[in-house]
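Participant: Below are the structure tokens for one structure; questions will follow.
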Amino acid sequence: METHRAGPLAGLRIVEFAGIGPAPFAGMVLADFGAEVTVIERPGGESRLGGGSALNRGKRVLRADLKTPAGLALVRDQVASADALIEGFRPGVMERLGLGPDTLCAAHPRLVYARLTGWGQTGPLARTAGHDINYVALTGLMPAAAREGHGPALPATLLGDIGGGALTMLFGLMCALWESRRSGRGQVIDAAILDGVGYMGSLIQALRADGLWSDDPARNFFLHQSPYYDCFECADGRWLSLGAIEPQFHAELMTRLGFVPVPPQDDPAQWPALRARVAARLRERPLAEWVLVFGGSDACVTPVLTAAEAPLHPQQQARRNFFMRDGVAWAMPAPKLSRTPATPAGNRGELADDIRTE
């Protein structure tokens with residue numbers, strides 16, 4: 001069993017029911033920041049997506065057959081001394097096991113019971129299957145990732161499972177735990193990926209309300225049609241990201257590309273021609289040369305790195321943003337706390353070595 005170090009959540013006891021995706025990630029975050037997390041694993045758990053085993057660092061794993069009285073008794077004993085419980089099953093599963101919030105919260109009034117699902121505990125889709133891509137699709141935000149002539153494309157799991165699901169649930173968990181200090185009472189958290197992603201779209205909705213967001217890609221620089229906010233291919237087939245939104249940054253970008261005088265930025269009618277010029281210019285040199293051209297500038301240009309390259313980038317190195325475990329580079333917990341930082345456990349409970357190029 002791994003022994004966890006002190007951290008800002010030291011003393012907090014969490015029971016996590018093993019699953020896949022966002023719930024194990026949420027438990028890992030709590031463990032990284034010092035909570036004592038006990039994972040309840042059932043025989044024959046999910047294997048197609050690896051279950052939560054890769055995200056079990058710093059956790060205590062307890063195997064229990066929830067179909068037996070002994071297994072259920074073991075789980076109830078763990079919950080009796082816990083501050084919070086995390087589960088990511090479809091609605092009704094925990095109730096059928098006799099471990100629903102009505103039962104457990106009645107026995108333990110201070111318990112915070114966090115339920116993390118795709119569709120939520122209520123509604124016509126609540127008991128149906130789904131995954132990250134399905135939940136995001138129903139928020140109305142997926143068209144923002146579409147390119148003309150192509151369907152929307154999303155990075156796997158990041159927006160829905162992790163952003164809208166795990167991180168939203170974790171905030172709700174912290175809110176409920178803070179409130180319980182005053183009231184002495186826990187509560188149930190109904191965290192749905194659908195809800196969380198929709199909430200994350202509030203900035204886009206605010207821009208739309210102010211008339212600053214168009215659903216027409218030809219008039220919205222975010223939607224992959226402008227010459228200054230997109231990824232462009234270099235001579236070697238690698239990609240460069242451009243994000244020069246503000247006028248001064250746009251001027252820096254165009255000047256370093258050799259486009260002087262600087263062409264107009266906010267005339268969508270000129271975007272297609274200028275975009276073609278930018279694309280042609282960037283295809284003249286390989287990625288490494290463009291990195292040198294834009295290095296240290298305010299042009300808002302960065303290379304699109306691979307997973308193997310990212311830990312070795314100077315900014316990542318300076319931030320000590322990765323550590324090694326079992327020969328794999330893992331991201332350090334975020335955010336960084338000045339006095340009680342998170343310390344992810346290594347193989348035997350020790351802090352693993354961060355990645356350095358020296």
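The values are calculated or read from the model by the stated rules, or taken from the named source; none is laboratory data. Quantities reported herein were computed from a predicted structural model and do not represent experimental measurements. As a convention, Cβ positions derive from the backbone with ideal geometry for all residues, glycine included, and neighbour counts pool all protein chains shown.
Participant: Which condition from (1) aliphatic (A, V, I, L, M); (2) under 22 Å from ASP190 (Cβ atoms); (3) at pLDDT 95 or above is the one that ILE20 breaks?
Facilitator: Failing condition for ILE20: (3).
Participant: Return yes or no: is LEU292 modelled with pLDDT of 95 or more, over 30 Å from SER53 (Cβ atoms) and touching a strand residue (DSSP E or B) at 6+ places or on another chain (Cβ under 6 Å)?
Facilitator: For LEU292, the condition - modelled with pLDDT of 95 or more, over 30 Å from SER53 (Cβ atoms) and touching a strand residue (DSSP E or B) at 6+ places or on another chain (Cβ under 6 Å) - is not met.
Participant: Here are the criteria: (1) in contact with an Asp or Glu (Cβ under 6 Å, 6 or more places away or on another chain); (2) not assigned by TED's automatic domain parsing to the domain that holds ALA137. Tell me which single one ASP161 does not satisfy.
Facilitator: Condition not satisfied by ASP161: (2).
Participant: Let me ask another. State whether the residues of region 170-181 include one that is over 30 Å from VAL79 (Cα atoms) and surrounded by 15 or more Cβ atoms within 10 Å (Cβ to Cβ).
Facilitator: No.
Participant: I would also like to ask the following. TYR113 versus (1) surrounded by 15 or more Cβ atoms within 10 Å (Cβ to Cβ); (2) over 23 Å from GLY196 (Cα atoms): which is the lone unmet condition?
Facilitator: The failed condition is (2).
Participant: Still on this structure, please answer the following. With respect to ALA26, determine if the residue is assigned to a helix (DSSP H, G or I), out of contact with any helix residue (DSSP H, G or I) (no Cβ under 8 Å at 6 or more places or on another chain) and modelled with pLDDT of 95 or more.
Facilitator: In short, no.
Participant: Pull out all pairs, ordered by first then second residue, where Cβ-Cβ is under 7 Å, the residues are six or more apart or on different chains, the first lies in region 266-278 and is exposed (fewer than 11 other Cβ atoms within 10 Å of the Cβ), and the second is modelled with pLDDT of 95 or more and of a type in the set (A, V, I, L, M).
Facilitator: From residues that are exposed (fewer than 11 other Cβ atoms within 10 Å of the Cβ), there are no pairs.
Participant: If you don't mind, there's one more thing I want to ask. Just the residues that are charged (D, E, K, R) and in a loop (DSSP other than H, G, I, E, B), please, taken from region 74-105.
Facilitator: Result: ASP83, ARG90.
Participant: State the number of residues belonging to region 56-110 that are hydroxyl-bearing (Ser, Thr, Tyr), over 21 Å from GLU36 (Cα atoms) and surrounded by fewer than 13 Cβ atoms within 10 Å (Cβ to Cβ).
Facilitator: Going through region 56-110 one residue at a time, the tally reaches 1.
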